[in-house]
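Contents: one structure, followed by commentary.
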Amino acid sequence: MKVIATLPSGPTQDICMAVYQPSGASAGGGCTYYPNGTDSVVIDFTPTANGTSMAVVSVDGNDATMASYDLEVSCLVGTCPPFKVPPSCTLEDALSYDASTSTLTMDFTIGNTYTTTWNAWLIYQNTTTSIFSAAQPITSPPVSITKTYTGLSAEGIVGVLSTLTTPKKGIACSSWEEISTGTGP
């Protein structure tokens, strides 16, 4: 594998990069030094085990400043598996229903590293009802958010579909959960 972190033209900060094997062992590291024209850190390594390797890039000196850089990962020899980008959003839902108040409670866990639109729909019998649609700011790490829907009579099994969407990606994350509300009509 080859991992390269490169500064853009005209940098004002150096960066350092360390790469770790799936076991956590170091696969190498280094820093740029732009005053001497060293604008890239290149680390070649052979993974020692199946799993995910990790590259950590930081500003040299760890002084809370920021620096831009490009990151490239490539396969040096042989056939490499496709590179997977870890998910950048989380959307989970746990449902409960209180028949005495006809209230559906949705306990969401939501997290996203970019702004999205959060949508939810209630599906029962042959009906789909929008519960909400709202702008969702960056939420990292994920948080718990509780929403309720009142006036839901016993409809048998009902479902809640929830999505995080962006104009370019479409559906980035989704969740589908079902719950019994009792015997329906």
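If you check Gly78 against the conditions, is it within 25 Å of the chain's Cα centre (by Cα), surrounded by fewer than 12 Cβ atoms within 10 Å (Cβ to Cβ) and modelled with pLDDT under 85?
No, not satisfied.
Report, by residue number, each residue of the stretch 16-68 that is touching an Asp or Glu at 6+ places or on another chain (Cβ under 8 Å) and either among the basic types (Lys, Arg) or on the phi < 0 side of the Ramachandran plot (or both).
Across the stretch 16-68, the qualifying residues are Cys16, Cys31, Thr32, Tyr33, Tyr34, Val59, Asp60, Ala67.
Can you name every residue in the stretch 133-161 that is without any contact (Cβ under 8 Å) to a residue 24 or more places away in the chain and surrounded by 12 or more Cβ atoms within 10 Å (Cβ to Cβ)?
The one that is without any contact (Cβ under 8 Å) to a residue 24 or more places away in the chain and surrounded by 12 or more Cβ atoms within 10 Å (Cβ to Cβ): Ser133.
Give the residues of the stretch 25-56 that are out of contact with any Lys or Arg (no Cβ under 6 Å at 6 or more places or on another chain), in a strand (DSSP E or B) and in contact (Cβ under 8 Å) with a residue 40 or more places away in the chain, sorted by residue number.
Selection gives Val42, Ile43, Ala55.
Please specify each residue of the stretch 1-24 satisfying the condition of being in contact with a Ser or Thr (Cβ under 9 Å, 6 or more places away or on another chain), among the polar types (S, T, N, Q) and assigned to a loop (DSSP other than H, G, I, E, B).
Thr12, Gln13, Gln21, Ser23
Would you pick out the residues in the stretch 162-177 that are exposed (fewer than 13 other Cβ atoms within 10 Å of the Cβ) and either outside the structural domain of Ala120 (by TED's automatic domain parsing) or of a type outside the set (A, V, I, L, M, F, W, C) (or both)?
Within the stretch 162-177, Pro167, Lys168, Gly170 meet the criteria.
Could you tell me whether Thr52 is modelled with pLDDT under 85 and among the β-branched types (Val, Ile, Thr)?
yes
The values are calculated or read from the model by the stated rules, or taken from the named source; none is laboratory data. Everything numeric here is computed off the predicted structure, so don't read it as measured data. FYI the Cβ positions are ideal-geometry reconstructions off the backbone, even for glycines, and counts take in every protein chain you see.
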